[in-house]
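Note sheet for the following structure.
No lab work stands behind these numbers, since they all come straight from the coordinates. Quick caveat, the model's predicted, so the values are computed rather than measured. All Cβ positions, glycine included, derive from the backbone under ideal geometry; neighbour counts span all protein chains shown.
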């Protein structure tokens, strides 16, 4: 019996089967532990390298890959150093952040790192908003970007908060966070806007209904790899579907109204 659950070939086949192709621009969310044991994946670095190699094999050299590298720095009253502050959301994200040619956004809460021909447009000169107009997710949508979930369900994609802010749901509100950002050795004091959730129990985030709807309509394509799954959705389809559902039911992406 094999001592592993999936291989690099399985990853490549899975990425192709959900619709990723050469020259795509993709925001990827990875939790490799949920896929089981990877063949030749001896530690987090080797696993991360195999996963990155798999994406690069499928997407090609002219693709743009984005990875969330969130720090929540301003939420924790901490200084955010663009080149140094570690990502707090998993080994793969920190591995990718340190790769040659990768640049990172200045967002002191929800930073995104990326590499490829479109990364400068996507991550440079952003407005001081995490999920508002002209944010990373807005730009990604406008250029036909995709989202790929590896090991995680679509309901984990923070892209959903961009949809919620564009609609203006009542379960969340804009809150200002301020602090120091350091980039290229220079410090600046900035104030960023984050569309946070209200602390009421019925406002607790829950994107599972939106994920289910996206899968039922065929917008979110999914395949099994190892013990978990890989899925992919076009950003514009995700935005349009989320907007439609939230206009019908403003509580569609949260726990729900108790009255």
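Conditions tested, residue by residue: (1) touching a strand residue (DSSP E or B) at 6+ places or on another chain (Cβ under 6 Å); (2) without any contact (Cβ under 8 Å) to a residue 12 or more places away in the chain.
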{"site": "144", "(1), (2)": "no, no"}
{"site": "148", "(1), (2)": "yes, no"}
{"site": "151", "(1), (2)": "yes, no"}
{"site": "160", "(1), (2)": "no, no"}
{"site": "163", "(1), (2)": "no, no"}
{"site": "169", "(1), (2)": "no, no"}
{"site": "177", "(1), (2)": "yes, no"}
{"site": "185", "(1), (2)": "no, yes"}
Discussion item. When the residues of the range 86-97 are narrowed to those that are part of a loop (DSSP other than H, G, I, E, B) and surrounded by 14 or more Cβ atoms within 10 Å (Cβ to Cβ), which ends up nearest to the chain's Cα centre (by Cα)?
Written reply: 89
Discussion item. Taking the condition of being surrounded by 17 or more Cβ atoms within 10 Å (Cβ to Cβ), touching a helix residue (DSSP H, G or I) at 6+ places or on another chain (Cβ under 7 Å) and assigned to a helix (DSSP H, G or I), how many residues in the range 187-212 meet it?
Written reply: 2
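Answer yes or no: is there a residue in the range 70-84 that is within 29 Å of residue 144 (Cα to Cα), loosely packed, with under 15 Cβ neighbours inside 10 Å and within 20 Å of the chain's Cα centre (by Cα).
So the first thing to find is which residues in the range 70-84 are within 29 Å of residue 144 (Cα to Cα), and the list is 70-72, 82-83.
After this cut, where a residue has to be loosely packed, with under 15 Cβ neighbours inside 10 Å as well, the list is 83.
Checking which are within 20 Å of the chain's Cα centre (by Cα) leaves us with 83.
Among the residues of the range 70-84, at least one is within 29 Å of residue 144 (Cα to Cα), loosely packed, with under 15 Cβ neighbours inside 10 Å and within 20 Å of the chain's Cα centre (by Cα), which makes the answer yes.
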Response to the item:
Checked the range 124-140 for anything surrounded by fewer than 23 Cβ atoms within 10 Å (Cβ to Cβ) and in a helix (DSSP H, G or I); matches are 138, 139
Item to complete: Being in contact with a strand residue (DSSP E or B) (Cβ under 7 Å, 6 or more places away or on another chain) and not in a helix (DSSP H, G or I) is the filter; apply it to the range 48-69 and report the residue that is surrounded by the fewest Cβ atoms within 10 Å (Cβ to Cβ).
Response: 63
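Working carefully through the options 31, 7, find the one that is surrounded by fewer than 19 Cβ atoms within 10 Å (Cβ to Cβ) and in contact (Cβ under 8 Å) with a residue 60 or more places away in the chain. Steps first, please.
Numbers: 7 fails: in contact (Cβ under 8 Å) with a residue 60 or more places away in the chain.
Going through 31, 7 in turn, just one is surrounded by fewer than 19 Cβ atoms within 10 Å (Cβ to Cβ) and in contact (Cβ under 8 Å) with a residue 60 or more places away in the chain: 31.
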